[in-house]
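These notes concern the structure reproduced below.
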Amino acid sequence: MNSFINFLKRNKAYTAINLLGLTISMTFVLILAVYVQKQLSTDSFHDKGDRIMIIANDWYASAYHLKDHMRDRYPEIESYCAFMHENKIQAEIDGNTFSADYNYADSTFFDIFSFDIAEGDAEAFKHSVNNIVISESFARRMFPDKEAIGQQIGENTVVAVMEDINNSVLPYCDILLRGEWMEKHNPSHNMDLGNSGSVQTFVLVKENCDLMSRRDDMLEYFKEIWWTYKGGVSTELRLIPLRDIYFYDTDSIPQLLKGDKSVVGMLAMVCIVLLIFTIFNYVNMTTALSGFRAMEMASRQLIGASRTGIFAKLISESTILCFIATALAFFIAEGLSPAASGILEYDFSIFEAATPGNMVILIAFIMLLGTLSGLIPALVLLRVRPIDIVRGSWRTSTKTIGSRIIIVLQTVTTMCMLTAALTMNRQINHMLEAPLGYNTENVINIENNFGMPDKLNVVKEKLLTLPCVANVGYGQGTPLYGTNNNTMEIKGLGYISFQQFIGDQGYFDILGIREKHDNNAPYKYWFNEYAFKELGISEDTQIIMAGNDDWESKMPIGGVYYDFKVRPLLEDQSSAMIFNYRDKWPDQLYPWSILVQISGDKAEAISAVEAAFAEVFPDVLFKGRYITDEVADTFKKEMKILDIISLFTLISIFVSMLGLFAMSMYYMSQERKTVALKIIMGAERKRVFAALVGTFMKMALVAVVTSIPVGWFVMERWLDSFSYRIPMYWWVFAAAAGITLMTSFVTVLWQSIRTADTNPVESLKNE
């Protein structure tokens, strides 16, 4: 061991590079591995998780009273739980108002799900509709100096504190309320299954029962009791196991958290690739370093050391370095976990993931890596007779096929990641800058929590007196997220789904949604251009017939609006039905959205608008955002992928540079004698320098050429997933190639100059 320590001291640069490269690589391998593992283990902790399912259909999750219709018909179901989530609901403690995230659930919630209780009694949740459970985070925030149990929040009493909901499809909540409050707050949650879009129905299947076999019967039953099936709006029924929901490919489960298979799959791939290159890089550098110890190992053999002893020594030394690097990586990864959680939008901790099973896997990996990185150099050294090493007739060389392949593969990875990062950045910016057909600049979208138009008119007048406010409009939703869906049967054409856009003239003026022409028909329905194409009718059509052979109704078409993008660019275009209340928003119609067009500084403007609302409605929570920010949010997944790709690109470049630097150091050390002889024989130093650099630049050039078709193929597949995409630009590959080649050049430049400038006499003396 002393000889190993002395060797490390003599070769501090190599040691530092080897440890640094392995530590950095393992840091990010650990972060990615823990994140992927946690994603894949979502909802795995529930004791009865294998028996929990959710009922879902084509468009809607469920309805609050569906359980009451099903209870007597399906004995296979042990228990039901209706569930709904709402963000930023106003609540009150001791006369002070605040906003909180709410979950509504039936009294069976803790019988079905295994969320841990930190304080109080979960059973008390069943005893009264007014009993509530709060989260630990909320309890610490709202009751830092007193007992949370027994506290009043509005008309409700805290009976338990549960650990924060995490690693589940159920979203985090500050407050868990009884499901009965859903019906109290919204009468459409009725036995007629009126409100079918905001509730999920979970079921707990009895042991040894197969609910899936009753799916066809359930579908037929729903056609009898549920309007959405009676009318043919919904045609499918899905019974989804709880542990499949997170990655289930559907939009029919609103409010529940969903994972992204593409992101997790990509990160898993990144983790595997990074792990492979970590292994390759470490083994490669360790093998290169072994050349410096050839004399020592030969001497040991000549004085009687066995081959087994040499193997054991090199493997144990390499394993120790692996342990040191991994331990450092473990603590660094934990320190970076908050930042990584922010980027990935998912909380996780390296320390929390250090379960006995995971630690066994990690230790096994260290042992494997240590064995490989020690075994390969040992095999290289022990292939040669010790006497040849002592005489100096043997020399290891980095010009092996394996070394070159590893360097080329590292450089290919760097080039491909640069190509991906540049392409994705351009595509996302292209979508952000794409014409939507409506105005998004300087428009605040305010969620209406304030009441009917007669109450809002006071604040509207106040807003219009502000210098920063240009216009105010009422409407129901915005084009970005769609509004109310209106599915109707058109005679001879079947069912057609429209997104309804209802607003006053201010709403349409602010958004810049314009009429194309008036059909001079009795004013009722206006369509966008896409709707006419989907219906297969002329834009000057004045009447269409709704209904079928049994009934029909005239639909007068007032005219045509120019197309505007309904929903984000990532989704297909939709037919739009427009109702423009030109003169005045009807007093009896509840506006969902209040649009405010501003000028000047955005931060100052939204503060002034919020202050105006607070003056008129001091006790109502203000929820307003710029539409441009809402548009940007729709590309969160793509931005997340871009951040990950960019970070991985930087890591790849850095690790490749470290590996290349170490290999160049070793290569140059082996070439000192050759270089010295060339200079003594009269070779120009610049030619010697060019030859040294050329070896590595040839490998970099091979990598660049290899990576172009790979990068082109992968990014073309990715771009094809967008309806509004950029072409593949040649300059992306040129830029990536330029950065890659420059990185490779800079990495080997210093060592090449140093070797070429070394005094040839001193080089020969040291040989």
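Applying the set (1) of a type outside the set (Lys, Arg); (2) under 30 Å from Tyr495 (Cβ atoms); (3) part of a loop (DSSP other than H, G, I, E, B) to Asp587 leaves exactly one unmet item: (2). Is it the case that Ile315 is among the hydrophobic types (A, V, I, L, M, F, W, C), in contact with a Ser or Thr (Cβ under 7 Å, 6 or more places away or on another chain) and at pLDDT 60 or above? Criteria met by Ile315.
Picking from residues in the range 449-467 that are modelled with pLDDT of 85 or more and polar (S, T, N, Q), the one that is surrounded by the fewest Cβ atoms within 10 Å (Cβ to Cβ) is Thr465.
For the residues Ala148, Ala105, Ala100, Ala91, the requirement of being in the same structural domain as Cys173 (by TED's automatic domain parsing), more than 20 Å from Arg243 (Cβ to Cβ) and in contact with a Gly (Cβ under 7 Å, 6 or more places away or on another chain) singles out Ala91. Residues in the range 147-187 that are in a strand (DSSP E or B), under 17 Å from Ile89 (Cβ atoms) and of a type in the set (A, V, I, L, M): 5 in all. Inclusion of Ser403 among residues that are at pLDDT below 80, over 35 Å from the mean Cα position of the chain (by Cα) and either crowded, with 20+ Cβ neighbours inside 10 Å or within 26 Å of Leu511 (Cβ to Cβ) (or both) is warranted. Screening Glu489 against (1) of a type in the set (D, E, K, R); (2) at pLDDT below 85; (3) under 30 Å from Asn457 (Cα atoms) leaves a single unmet condition, (3).
Any residue at all in the range 490-500 that is of a type in the set (Gly, Ala, Ser) and closer than 23 Å to Trp585 by Cβ? Within the range 490-500, none of the residues are of a type in the set (Gly, Ala, Ser) and closer than 23 Å to Trp585 by Cβ. Restricting Val283, Val264 to those that are modelled with pLDDT of 70 or more and either touching a Ser or Thr at 6+ places or on another chain (Cβ under 9 Å) or over 26 Å from Ile644 (Cβ atoms) (or both) reduces the list to Val283. Can you report the number of residues in the range 452-470 which are part of a loop (DSSP other than H, G, I, E, B) and without any contact (Cβ under 8 Å) to a residue 40 or more places away in the chain? Residues meeting the conditions: 1. Which of the residues belonging to the range 90-115 are of a type in the set (Val, Ile, Thr) and over 16 Å from Val158 (Cβ atoms)? Matches in the range 90-115: Thr97, Thr108, Ile112. Filtered by the rule that a residue be over 22 Å from Lys88 (Cα atoms) and aromatic (Phe, Trp, Tyr), the range 435-473 gives a lone residue, Tyr438.
The set of residues in the range 116-144 that are basic (Lys, Arg) and within 10 Å of Val159 (Cβ to Cβ) contains only Lys126. Modelled with pLDDT of 85 or more, more than 30 Å from Tyr626 (Cα to Cα) and among the basic types (Lys, Arg): does that describe Lys554? No; evaluated as a whole, the condition is false for this residue.
All conditions in (1) surrounded by 14 or more Cβ atoms within 10 Å (Cβ to Cβ); (2) assigned to a strand (DSSP E or B); (3) modelled with pLDDT under 90 hold for Gly473, with the sole exception of (3).
If the condition is being closer than 20 Å to Trp592 by Cβ and either in contact with a helix residue (DSSP H, G or I) (Cβ under 6 Å, 6 or more places away or on another chain) or surrounded by fewer than 18 Cβ atoms within 10 Å (Cβ to Cβ) (or both), then the range 476-508 contributes Leu480, Tyr481, Gly482, Asn484, Asn485, Asn486, Thr487, Ser497, Gln500, Gln505. Residues of the range 151-167 that are surrounded by fewer than 21 Cβ atoms within 10 Å (Cβ to Cβ) and either of a type outside the set (Val, Ile, Thr) or not assigned by TED's automatic domain parsing to the domain that holds Glu92 (or both): Gln151, Gln152, Gly154, Glu155, Asn156, Glu163, Asp164, Asn166, Asn167. In a residue-by-residue description of the range 521-530, the property of being at pLDDT 85 or above, surrounded by 19 or more Cβ atoms within 10 Å (Cβ to Cβ), more than 34 Å from the chain's Cα centre (by Cα) and not in a strand (DSSP E or B) applies to no position. Residues that are aromatic (Phe, Trp, Tyr) and modelled with pLDDT under 85 number at least 2 in the following helices (runs of 4 or more DSSP H) confined to the range 188-259: 227-230. The condition (being of a type in the set (Ser, Thr, Tyr), farther than 30 Å from Val270 by Cβ and without any contact (Cβ under 8 Å) to a residue 60 or more places away in the chain) is satisfied by just one residue among Ser593, Ser599, Ser607: Ser607.
The values are calculated or read from the model by the stated rules, or taken from the named source; none is laboratory data. Just so it is clear, the model here is predicted, and its values are computed rather than measured. Methodologically, a virtual Cβ is constructed for each residue, glycine included, from the backbone with ideal geometry; neighbour enumeration extends over all protein chains shown.
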